[in-house]
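To start, the structure under review is shown below, and the notes come after it.
The values are calculated or read from the model by the stated rules, or taken from the named source; none is laboratory data. On a predicted model such as this, the values are computed, not experimentally measured, just so you know. Positions of Cβ are generated from backbone atoms using ideal geometry, with glycine treated the same way; all protein chains shown enter the neighbour counts. Heads up: the accessible areas ignore ligands, DNA and RNA and are worked out on the full protein's heavy atoms, side chains in. Shrake-Rupley method; radii C 1.70, N 1.55, O 1.52, S 1.80 Å.
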Amino acid sequence: MKVAVAGCCHGALDKMYETLELLQRRHNVRPDLLLCCGDFQAVRNEADLRCMAVPAKYRHMQTFYRYYSGEKKAPVLTVFIGGNHEASNHLQELPYGGWVAPNIYYLGYAGVVRFRGVRIGGISGIFKSHDYRKGHFECPPYNQQTIRSAYHVRNIEVFKLKQLKRPIDIFMSHDWPRSIYHYGNKKQLLKMKSFFRQEVESNTLGSPAASELLQHLKPTYWFSAHLHVKFAAFMQHETNSKEELPKATKFLALDKCLPHRDFLQIIDVEHDPNAGDSLEYDAEWIAVLKATNSLVNVTQSSWNMPEKNGLHAKWDYSVTEEAIKEVLEELNHDLKIPCNFTLTAACYDPSKPQKNMEPVHTINPQTTEFCAQFGLTDINDRIQQAKEEGSGRGECEEEEEEEMDSTGSAEEPSEYNTDNSGLSSFNPDEIMLDEEGGDEDLSTCSVDPSPDHPPEFSTSFSDIRIMPDSMAVSSDDAMDSNNEELEKSGGSKQVEEKSSTERSLKRIGGDENGNSGVKKIKRRNQAIYAAEDEDKTD
């Protein structure tokens, strides 16, 4: 089947779907599935805008609300993960995943689903060491700290994913796995973006948690976004035994959704021709959720996951075939995810703007139903209980927190070595988020009227490519070559006019790895949304 993969769409759903429709009209290529690797921005109203961690001047309504209200419907099944620029209050309603609009499915904090027999997993957010070992304690209304920590990856999600034993076909993360740049055209990468040389050479760019998952899961494909650059790599995994067959991962990072950018990729993925067209639960993942339910934590307390160190009676939470069979029997072998989307917030009305709308903590009926069906803890219900009992002091209130460095890392131990006190590189292509929050007024938001008068986008197809079956990069390319063209299979198809050799491989990084000991500087994030600023850097 044909799978379209998109990078950061930043709420530009109309642009994304119009591009897919144009692809079908011009080249008779119709994707069966669309995957989005974070910064989706499922913004329903003005209150959601205020829960998005960007300066007020970048808080624009965009077009998701039209799909939420039912005015429009996604023309292709869309599955996405969260990034670091999201309406966190909306996504928090669905910690185990669910529909944010008809035909648009969010994977949750972490999740695995199936479509036509293809197993798709993902983890939302970005890595920050100072929040990694905390529970999911945040809830709206957020303060200057929790509006950011809400999208930080937690160790419990990584732990759950590491319990999986069955093969994963596709995996998504927002930030890149640390070290993946060593398996692609690194020389060209650094030639184009020299300001990341220090982080690449010190091997500190990217997420160590994602890297750990990459080595454990060994998926066939791994897709990421976040750095707003297209980059391909091929990683051959080491085998643990002579009996184990060699595995390799084809990595692809996508650019952001803007005209004239490579923000979409079409790949052919082997699937089960006898499988239905519905999105389905993954039985092993459900079994893992049930097995790890006792580990759910909704406090700010830092704690480590169980491990074989003599301190825990149990450290292996992987599930047996019998446990998976029990899940199938509970569902009567019908794994179809119910289409139970429900409106849980008022939808933006361009004729009646409500700039003073306050975000509220909502328990989504989808989550309630999911937890009741499988006997799981509703995280948001637990948070509300903690507030009522007084044990959640400070979890949803303004409070004093210890000062953090430029990467947001508090002085606390971490299982990852993330101390890079000498790093001071600057990325001119990301939004600036002042650590003190001086440029983020959570009480204000701007509503962009542009969705009613969308800009004219180019139809030159510079933003789409058909990915060949093979994405392998030779070892020469990985270290020395300036030629970024990948090996192409005979049946593959290109739809853009420029060849990959004519394109300059771009790589823009962010210090999203929880480094400690860095002097206070502003977070590197200048022009995520501003196309004119980006053009100046190209």
Magnitude of the Cβ-charge dipole (Lys and Arg +1, Asp and Glu -1) of region 2-391 about the Cα centre, nearest 20 debye, reported as 1480
Of the convex hull drawn through the C-alpha atoms of region 2-391, the volume per residue in Å³ is 166
Cα extents of region 1-115 along the principal axes, largest first, in whole Å, come to 41, 30, 24
Counting only protein heavy atoms with a 1.4 Å probe and every protein chain in place, the carbon and sulfur fraction of the accessible surface of region 2-133 in whole percent equals 42
Burial-style ranking of 225-232, 333-340, 298-305, average other-beta-carbon count within 10 Å with highest first, yields 225-232, 298-305, 333-340
Within region 98-131, the residues whose backbone N lies under 20 Å from a label point placed 7 Å from the Cα of K336 along the Cα-to-Cβ direction are 98-106, 113-120
As a Kirkwood estimate from alpha-carbon pairs, region 1-41 has a hydrodynamic radius in angstrom of 10.6
Regression test value, accessible area per residue of region 208-270, probe 1.4 Å, units Å², expected 37
Region 86-222: Kirkwood hydrodynamic radius (Cα pairs, Å) comes out at 16.3
Of the listed pairs K162/K256; K191/K230; K165/K242; K165/K247; K160/K247, those with alpha carbons more than 20 Å apart are K162/K256; K160/K247
Expected sort for 282-288, 374-380 on mean C-beta neighbours within 10 Å, highest first, is 282-288, 374-380
Rounded to the nearest 5, the percent of antiparallel DSSP beta bridges in region 2-391 equals 50
